[in-house]
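Here the structure comes first, spelled out in structure tokens, and everything after it is commentary.
The values are calculated or read from the model by the stated rules, or taken from the named source; none is laboratory data. What you see is a predicted model, and the numbers here were worked out from it, not measured in a lab. When we count neighbours, we look across all protein chains shown, and the Cβ atoms used for this are built from the backbone with ideal geometry, even at glycine. Accessible surface is based on the protein model in full, side chains and every heavy atom, while ligands, DNA and RNA are left aside. Shrake-Rupley method; radii C 1.70, N 1.55, O 1.52, S 1.80 Å.
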Amino acid sequence: YARATAMPDPSRICDPHHSPQQPSTGLNEEQKEFQRVAFSFAAQEMMPNMAEWDQKELFPVDMMRKAARLGFGGVYVRTDVGGSGLSRLDTSVIFEALATGCTSTTAYMSIHNMCVWIIDAFGNEEQRHRFCPPLCTMEKFASYCLTEPGSGSDAASLLTSAERQGDHYILNGSKAFISGGGEADIYVVMCRTGGPGHKGISCVVVEKGTPGLSFGKKEKKVGWNSQPTRAVIFEDCAVPVANRIGDEGQGFLIAMRGLNGGRINVASCSLGAAHASIILTRDHLKVRKQFGEPLANNQYLQFKLADMATKLVASRLMIRSAAVALQEEREDAVALCSMAKLFATDECFEVTATPAPLLPFPIVNFRDGSK
Ligand SMILES: Cc1cc2nc3c(=O)[nH]c(=O)nc-3n(C[C@H](O)[C@H](O)[C@H](O)COP(=O)(O)OP(=O)(O)OC[C@H]3O[C@@H](n4cnc5c(N)ncnc54)[C@H](O)[C@@H]3O)c2cc1C
């Protein structure tokens, strides 16, 4: 039991130099520097608390505000509204590093970043300056509201209605599985202002405290326990037309454009989980002796470790290539982002799941976070 619950040294797990599959390969000096900052933040501020946040289902607000002081609240948001103005590749490097400290919390931070980017990219100047600065400092938190009880993969069939009355939209309906739901201050909501199909969807910002906005109970989950997931409910909820992001009918496009980066970011979280799991496994194989010698001498286990490292490196290459395509606004970007997310989340989940029965803590946190 002591072996299973012993706290590993965070500075080993959250350090690129302890990994034989150097995550800094191919990065420029500036990227290596903020990668170092993110790994160090993960080691000092996240990893020591990851298990407690998970077990007690704590949403670590103070830690995230500290992370925001390093520029991680609006990583790819423009600098004039408080963002860091970094590229998609830079963002992936940062989220991978942070996820070695807590995959679950980093995944929420990536969703928050996606919401801020949506407002920055599609909002008008007044909206950008009103909403983005407190989100970049994480004084306020954001949630992305697309999924509904009756529309998941088929998101364009969403039913939450937004009927215009003067200078307000009256929202009715509900959103399901919303990360940060109940805790967040700003809800980026896709709702129907027009007819059926994707062209009838618009995007509005609903602020916490608006009459008619309420939340469901906190969902019980296998992982991602440091971030709440709740239904978000609208009952005659009046939202100013001035909170509409983009034009009427542009909401589905905005939602999908947000998800391109969102896919890279969430896949990068899986890279961090896989990276940490490989280091934990390798260290364990070196010290644990059976049949008179370290487990590391067992060729079957060496093959397993090689498979894990191969999956991690292949995933990282796909994600970084997709991030560059998105940054360059290439035609193949959407497909590459989807492929990277599909491939990396599955492969990295396997990396974290392979040794989990051998090393229950803290690999289970990484496994459940990447699931
Ligand atoms: C922990 C968690 C956090 C989430 N956070 C958010 C959030 O912050 N904001 C948000 O908007 N949503 C969020 N979601 C919702 C998530 O994005 C949806 O779960 C996802 O879109 C899938 O929808 P669904 O669960 O309704 O599955 P369904 O759409 O019901 O699909 C079920 C299964 O059927 C498959 N399937 C569906 N259609 C087809 C088809 N045509 N062909 C073949 N297979 C098909 C799917 O791949 C899936 O395996 C979250 C979900 C979870 C679990």
- Message: Criterion first (open to solvent by less than 50 Å² (accessible area, probe 1.4 Å), away from the ligand (no atom under 16 Å from the Cβ) and among the polar types (S, T, N, Q)) does Ser214 satisfy it?
- Response: yes
- Message: Quick check on my filter: what residues within the stretch 289-307 are loosely packed, with under 14 Cβ neighbours inside 10 Å and either among the aromatic types (Phe, Trp, Tyr) or over 34 Å from the mean Cα position of the chain (by Cα) (or both)?
- Response: Lys289, Gln290, Phe291, Gly292, Glu293, Gln299, Tyr300, Phe303
- Task: For Gly71, indicate whether it is away from the ligand (no atom under 16 Å from the Cβ), in contact with a Ser or Thr (Cβ under 8 Å, 6 or more places away or on another chain), not aliphatic (A, V, I, L, M) and not assigned by TED's automatic domain parsing to the domain that holds Arg257.
- Result: yes
- Item | Long-range neighbours under 8 Å by Cβ, at least six apart or interchain, first residue touching a residue at least 24 places away in the same chain (Cβ under 8 Å) and among the aliphatic types (A, V, I, L, M) within the stretch 147-162, second within 11 Å of the ligand (Cβ to nearest atom) and open to solvent by 50 Å² or more (accessible area, probe 1.4 Å) | Leu159/Gly150
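Among what's in the stretch 218-249 and is among the charged types (D, E, K, R) and without any contact (Cβ under 8 Å) to a residue 60 or more places away in the chain, pick the residue that is nearest to the ligand (Cβ to nearest atom). Reasoning before the result, please.
Going through the stretch 218-249, the residues among the charged types (D, E, K, R) turn out to be 218-221, 230, 235-236, 244, 247-248.
Cutting the leftovers down to without any contact (Cβ under 8 Å) to a residue 60 or more places away in the chain gives us 219-221, 230, 247-248.
On the way: Glu219: 7, Lys220: 11, Lys221: 6, Arg230: 10, Asp247: 21, Glu248: 20 Å.
If we take residues in the stretch 218-249 being among the charged types (D, E, K, R) and without any contact (Cβ under 8 Å) to a residue 60 or more places away in the chain, then Lys221 is nearest to the ligand (Cβ to nearest atom).
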- Message: Suppose we filter Gly101, Gly85 for residues that are open to solvent by less than 10 Å² (accessible area, probe 1.4 Å) and small (Gly, Ala, Ser); which single one remains?
- Response: Gly101
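In the stretch 157-179, how many are open to solvent by 50 Å² or more (accessible area, probe 1.4 Å) and either within 16 Å of Asn243 (Cα to Cα) or more than 7 Å from the ligand (Cβ to nearest atom) (or both)? Can you show your working first?
Restricting attention to the stretch 157-179, the residues satisfying the condition of being open to solvent by 50 Å² or more (accessible area, probe 1.4 Å) are 159, 163-168, 172, 177.
Next, from what is left, pick out any that are either within 16 Å of Asn243 (Cα to Cα) or more than 7 Å from the ligand (Cβ to nearest atom) (or both): 159, 163-168, 172.
Total satisfying the criteria: 8.
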- Tell me which residues, restricted to the stretch 64-85, are within 25 Å of Met50 (Cβ to Cβ) and of a type in the set (A, V, I, L, M, F, W, C). Met64, Ala67, Ala68, Leu70, Phe72, Val75
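Tell me, yes or no, whether the stretch 237-247 has at least one residue that is in a strand (DSSP E or B), among the aliphatic types (A, V, I, L, M), open to solvent by 30 Å² or more (accessible area, probe 1.4 Å) and modelled with pLDDT of 95 or more. Walk me through it before giving the result.
Let us first name the residues in the stretch 237-247 that are in a strand (DSSP E or B), namely 237-240, 244-245.
Filter again for among the aliphatic types (A, V, I, L, M), leaving 238-239, 245.
From what's left, open to solvent by 30 Å² or more (accessible area, probe 1.4 Å): 238.
Restricting the remaining residues to those that are modelled with pLDDT of 95 or more gives 238.
Within the stretch 237-247 (the criterion being in a strand (DSSP E or B), among the aliphatic types (A, V, I, L, M), open to solvent by 30 Å² or more (accessible area, probe 1.4 Å) and modelled with pLDDT of 95 or more), the answer is yes, since at least one residue qualifies.
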- Query: Only one of these conditions is not met by Asp332: (1) of a type outside the set (Phe, Trp, Tyr); (2) farther than 23 Å from Ala276 by Cα; (3) modelled with pLDDT under 85. Which number is it?
  - Reply: (3)
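Pick out the one residue from Met109, Met63 that is closer than 22 Å to Gly223 by Cβ and open to solvent by 10 Å² or more (accessible area, probe 1.4 Å). Can you show your working first?
Details: Met109 fails: open to solvent by 10 Å² or more (accessible area, probe 1.4 Å).
Only one candidate passes the filter, namely Met63.
Could you tell me which residue of the stretch 1-39 is modelled with the lowest pLDDT, considering only residues that are within 19 Å of the chain's Cα centre (by Cα) and open to solvent by 20 Å² or more (accessible area, probe 1.4 Å)?
Initial filter on the stretch 1-39 (within 19 Å of the chain's Cα centre (by Cα)): 14, 23, 34-35, 37-39.
Subsequent filtering for residues that are open to solvent by 20 Å² or more (accessible area, probe 1.4 Å) retains 34, 37.
Values: Phe34: 91, Val37: 94.
This residue is Phe34.
Please count how many residues of the stretch 117-156 are within 14 Å of the ligand (Cβ to nearest atom) and surrounded by 15 or more Cβ atoms within 10 Å (Cβ to Cβ).
Going residue by residue through the stretch 117-156, those that are within 14 Å of the ligand (Cβ to nearest atom) are 118, 141-156.
Still in the running and surrounded by 15 or more Cβ atoms within 10 Å (Cβ to Cβ): 118, 141-148, 151, 155-156.
Of the residues in that region, 12 qualify.
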- What's the number of the condition Lys220 fails, among (1) basic (Lys, Arg); (2) under 27 Å from Met109 (Cβ atoms); (3) outside the structural domain of Cys191 (by TED's automatic domain parsing)? (3)
- Task: Note down all Cβ pairs under 6 Å where the first residue falls in the stretch 173-199 and is over 16 Å from Ala142 (Cβ atoms), the second is assigned to a helix (DSSP H, G or I) and open to solvent by less than 10 Å² (accessible area, probe 1.4 Å), and they're at least six residues apart or on different chains.
- Result: Arg192/Gly200; Gly194/Gly200
- Message: Could you go through the stretch 253-260 and let me know if any residue there is open to solvent by 40 Å² or more (accessible area, probe 1.4 Å), modelled with pLDDT of 95 or more, more than 24 Å from the chain's Cα centre (by Cα) and more than 12 Å from the ligand (Cβ to nearest atom).
- Response: no
